[in-house]
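To keep things clear, I will list the structure first and then write my remarks on it.
The values are calculated or read from the model by the stated rules, or taken from the named source; none is laboratory data. Since this is a predicted model, take the numbers as computed values, not measurements. Neighbour counts run over all protein chains shown; Cβ positions are idealised from the backbone, glycine included.
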Amino acid sequence: MAEGIEAGGHKQAEWRTDPARSGAGGCIGDIGTHAYNLACFVTGLELDQLLAQLSTFVDGRRLDDDVQILLKWKGGAKGTLCASQVAVGNENGLKLRVHGTRGGLEWAQADPNDLWFTPYGETSRLLTRGGAGAGADAARVTRLPFGHPEGYLEGFATIYSEAAHAIRAAAAGEKPDPAVMFPTVEDGLAGMKFIDAAVRSSARNGTWVRLK
C-alpha cells in the first residue's frame, strides 16, 4: 500500500482506506490493533494512556497508513507501538519485545516457533514450541510435533478449538478448563477503545489521552 492502489480498484486496499467501511482508523485499525492485543495478552497489563501520531503518506488517501504511539500502562510500565502499511521492504513483521527488571522476552511472527528469553545477567535462551521448558499449558495447544513449523493458520485452529471447549462445557453445565483461552467480546471492545484513543490523540497533534 505504499502507492494509492485503492484508486485502481484493489479490493483489499479499497475497504482498508474507506472510512465508511473501516471507521476512523486505517493502519491503526487494520494492523495496529493486532500488536496492541498481543501486548495486552502476553503482559496481562491494562493500558491507561497513549500519545499517538497517525500519518498518511500516500496522497489522496483518506485514512492513516503509518502509526507511531507511546503507551503508559497502569502500574507504571511504558511502551511503544509502531505499525505501517507503507514500510517498503517489510512483510508482515509482527514482533513483540517485553523488558522487565528480571529479564526480557522477544517473539516474532516470522519465526513463530521460537521465543527468546533472557534472564537478567544471564545468557539468552531459545524456547521452542513443544520443546523443553514450554510447559503443560503450551503443550496442550501444540498441534504438531516439535521441530515442525506451526504458525499462522494453526493459531486460528487453536482459537476455534478453545472456544469449542468452552461452549461444550457451558452446554453441559460445567466450567471449562481454567487454561482455556480465546478472544472475547471484551477484547474486541478494548481494541475499539484503543483505536478511538489513538485517533483522538493524533487529532490533538499528539497529546496524551486516556482510554474511555
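Key figures
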item: Residue match in the stretch 1-24 (condition: under 25 Å from V185 (Cα atoms) and in contact with a Ser or Thr (Cβ under 7 Å, 6 or more places away or on another chain)); result: yes
item: Residue list for the stretch 68-89, filter: more than 17 Å from the chain's Cα centre (by Cα), of a type outside the set (G, A, S) and more than 16 Å from F194 (Cβ to Cβ); result: V86, V88
item: Residue, nearest to the chain's Cα centre (by Cα), within the stretch 123-133, restricted to residues that are in a loop (DSSP other than H, G, I, E, B) and in contact (Cβ under 8 Å) with a residue 12 or more places away in the chain; result: R129
item: Counted residues, the stretch 142-153 - those being within 25 Å of P178 (Cα to Cα) and over 19 Å from the mean Cα position of the chain (by Cα); result: 5
item: Evaluation of D65 against (1) among the acidic types (D, E); (2) under 16 Å from the mean Cα position of the chain (by Cα); (3) within 27 Å of A197 (Cα to Cα) (one fails), failing number; result: (2)
item: Matching residues in the stretch 163-212 - criterion: being among the polar types (S, T, N, Q) and either surrounded by 16 or more Cβ atoms within 10 Å (Cβ to Cβ) or in contact with a helix residue (DSSP H, G or I) (Cβ under 8 Å, 6 or more places away or on another chain) (or both); result: S201, S202, T207
item: Considering residues of the stretch 167-202 that are in a helix (DSSP H, G or I) and over 30 Å from D48 (Cα atoms) only, the residue farthest from the chain's Cα centre (by Cα); result: A171
item: First in the stretch 53-79 and under 30 Å from T101 (Cα atoms) and among the charged types (D, E, K, R), second anywhere and modelled with pLDDT of 95 or more and not in a strand (DSSP E or B), Cβ under 7 Å, 6 or more apart; result: K74/L45; K74/E46
item: Tally, over the stretch 89-120, of residues that are among the aliphatic types (A, V, I, L, M) and without any contact (Cβ under 8 Å) to a residue 24 or more places away in the chain; result: 3
item: Out of G93, G103, sole residue that is farther than 16 Å from V199 by Cβ, modelled with pLDDT under 95 and not aromatic (F, W, Y); result: G93
item: Qualifying residues in the stretch 19-34 (those that are of a type in the set (A, V, I, L, M, F, W, C) and under 18 Å from A203 (Cα atoms)) - the one surrounded by the most Cβ atoms within 10 Å (Cβ to Cβ); result: I28
item: Residue count, the stretch 32-52 (criterion: within 17 Å of A197 (Cα to Cα) and in contact (Cβ under 8 Å) with a residue 60 or more places away in the chain); result: 13
item: Selection within the stretch 71-122 - assigned to a loop (DSSP other than H, G, I, E, B), touching an Asp or Glu at 6+ places or on another chain (Cβ under 9 Å) and farther than 16 Å from T33 by Cβ; result: K74, G75, V86, A87, A110, P112, N113
